[in-house]
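Worksheet: one structure, shown below.
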Amino acid sequence: MDITLSYMPTKKQSMFHASTAYEVLFGGAAGGGKSKAIVMEAIIDSLENKGVHSYLFRKTYPELKATLIKEALSSIKAPVAVYSSASHDLIFSNGSVMHFRFCRNIADAYRYQGTEMHRLYIDELTHFPLEVYEYLKTRVRAPKVLNIVPKIRLTSNPGGIGHGWVKALFVDSGPPFEIRNITVKSSVLKKNMVTTRQYIPAYATDNPHLSEQYILELEQ
């Protein structure tokens, strides 16, 4: 699709976009450009691939409106993509859709039981308990006929109710930047399966658009 986005990713954002891992966490300090990166990843992916259904989560709709939806609407315009305020979907002319959704707890997660998520995006992962993340992951799939390879992209600051499990799963389990092979035993398929995971650390100094005063405030 012939369209030019006014987006110049930083080195870390470029690594996030280029990753071939199934699960990627872009996490760390506030101001590192993480929310921008996750929205632009979904937009670029939607433009490049027809019929992709991406689900972007925050804990509440007010948080979505103030962050991910606001960022998306400032980055892409009609007729390339049209936003429906009724369904909270950004619908692309090539059939791809970015679905903006909330999930406060495991009861909300069960609302997506029948959903087929080609892409799962979660902003501020540490705001969620592990059981919510594990359940949403079970919704990530695509029929082979569509030739779509599902993937999960995540961002987060430290802290929050999920700090411990996010740190254990992504940060403490191996070196940063390295794409790690994770072996999972499948009782259904009766064999070991390999998935991949990557952690990309973010720092406020990665973002050239932040003032030194703002970085100083974060440091304090």
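The values are calculated or read from the model by the stated rules, or taken from the named source; none is laboratory data. None of these values were measured; they are calculated from a predicted model. FYI the Cβ positions are ideal-geometry reconstructions off the backbone, even for glycines, and counts take in every protein chain you see. Areas reflect the complete protein model, heavy atoms only, side chains present, ligands, DNA and RNA absent. Shrake-Rupley method; radii C 1.70, N 1.55, O 1.52, S 1.80 Å.
Things to note:
- Evaluation of L146 against (1) open to solvent by 30 Å² or more (accessible area, probe 1.4 Å); (2) within 23 Å of F16 (Cα to Cα) (one fails), failing number: (2)
- Residue count for segment 171-198, restricted to those that are among the hydroxyl-bearing types (S, T, Y) and closer than 24 Å to Q13 by Cα: 3
- Residue pairs meeting the criteria (Cβ under 6 Å; at least 6 apart or on separate chains; first at positive phi, in segment 36-53; second surrounded by fewer than 20 Cβ atoms within 10 Å (Cβ to Cβ)): G51/G95
- Here the condition is being modelled with pLDDT of 95 or more and assigned to a helix (DSSP H, G or I); of A21, A42, it holds for A42 alone.
- Residue-level check: of (1) at pLDDT 95 or above; (2) open to solvent by 70 Å² or more (accessible area, probe 1.4 Å); (3) not in a loop (DSSP other than H, G, I, E, B), E178 misses just (3).
- Selection from segment 118-146 of residues that are in contact (Cβ under 8 Å) with a residue 40 or more places away in the chain and of a type in the set (D, E): D123, E124
- Count - residues of segment 96-130 that are open to solvent by 20 Å² or more (accessible area, probe 1.4 Å) and farther than 17 Å from T67 by Cα: 11
- Residue in segment 174-197 that is polar (S, T, N, Q), in contact with a helix residue (DSSP H, G or I) (Cβ under 9 Å, 6 or more places away or on another chain) and in contact (Cβ under 8 Å) with a residue 12 or more places away in the chain present: no
- Verdict on A142 being assigned to a helix (DSSP H, G or I) and small (G, A, S): no
- Unique residue being assigned to a loop (DSSP other than H, G, I, E, B), under 22 Å from Y133 (Cβ atoms) and modelled with pLDDT under 95 when the list is G32, G27: G32
- Scan segment 181-190 for residues that are under 30 Å from P201 (Cβ atoms) and either open to solvent by 70 Å² or more (accessible area, probe 1.4 Å) or modelled with pLDDT under 85 (or both) and the total you get is 4.
- When A37 is tested against (1) among the hydrophobic types (A, V, I, L, M, F, W, C); (2) open to solvent by 60 Å² or more (accessible area, probe 1.4 Å); (3) in a helix (DSSP H, G or I), only condition (2) is not met.
- When the residues of segment 45-61 are filtered to those that are open to solvent by 50 Å² or more (accessible area, probe 1.4 Å) and of a type outside the set (S, T, Y), the one that is nearest to L5 (Cα to Cα) is E48.
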